[in-house]
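In what follows, a structure is listed as structure tokens, so that the remarks can point back to it.
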């Protein structure tokens, strides 16, 4: 995994930050709060088909949240990446498969949450990195979904 200076700095920031690369090549740098960065500020036309890299803050940060997952579909992003605690993940969608709606994405994420919790409970264990485990589950079980560990 390559963690360059700006990516490492953003990953270790106390606030969420995002870099949006629009389909027409413009770059937007956005600062948020401790818990959220509002990429919608760049406008709908700059987000559809965009590549977005953002961070999650704090020592207990984890992979993509349900909000990240749903917004990926809702905004029509091409690529969404997250950096946290020296880790970096990417999600994309197979263009040959019909995209999910916002509500479908939320339902699927919730169902994955239940599935991983049921699995570990049956083993008498606890989920360690919940959002990361959800991504691994979706990678295996959701047609069209691509999840990468960078």
Counting just the residues of segment 13-23 that are at pLDDT 95 or above and farther than 17 Å from residue 65 by Cβ, which one comes out surrounded by the most Cβ atoms within 10 Å (Cβ to Cβ)? 20
Considering segment 86-115 alone, what residues qualify as being more than 18 Å from the chain's Cα centre (by Cα) and over 18 Å from residue 74 (Cβ atoms)? 96, 114, 115
With respect to the numbered conditions (1) touching a helix residue (DSSP H, G or I) at 6+ places or on another chain (Cβ under 8 Å); (2) under 22 Å from residue 38 (Cα atoms), which one is the sole condition not fulfilled by residue 59? (1)
Of the residues in segment 63-84, those that are more than 21 Å from residue 21 (Cα to Cα) and surrounded by fewer than 16 Cβ atoms within 10 Å (Cβ to Cβ) number 0
Residue 60 exposed (fewer than 13 other Cβ atoms within 10 Å of the Cβ) and part of a helix (DSSP H, G or I): no
Every pair of residues 6+ apart whose Cβ atoms lie under 8 Å, when the first sits in segment 52-72 and is touching a residue at least 60 places away in the same chain (Cβ under 8 Å) while the second is part of a loop (DSSP other than H, G, I, E, B) and surrounded by fewer than 20 Cβ atoms within 10 Å (Cβ to Cβ): 62/129; 63/129
For residue 102, only one of the following conditions fails: (1) touching a strand residue (DSSP E or B) at 6+ places or on another chain (Cβ under 6 Å); (2) free of Cβ contacts under 8 Å to residues at least 60 places away in the same chain; (3) surrounded by fewer than 18 Cβ atoms within 10 Å (Cβ to Cβ). What is its number? (1)
Look at residue 103 and say whether it is at pLDDT 95 or above and in a loop (DSSP other than H, G, I, E, B). no
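The values are calculated or read from the model by the stated rules, or taken from the named source; none is laboratory data. Predicted model only: the values in this text are computed from it and were never measured. In this analysis, Cβ positions are derived from the backbone assuming ideal geometry, glycine residues included, and neighbour counts consider all displayed protein chains.
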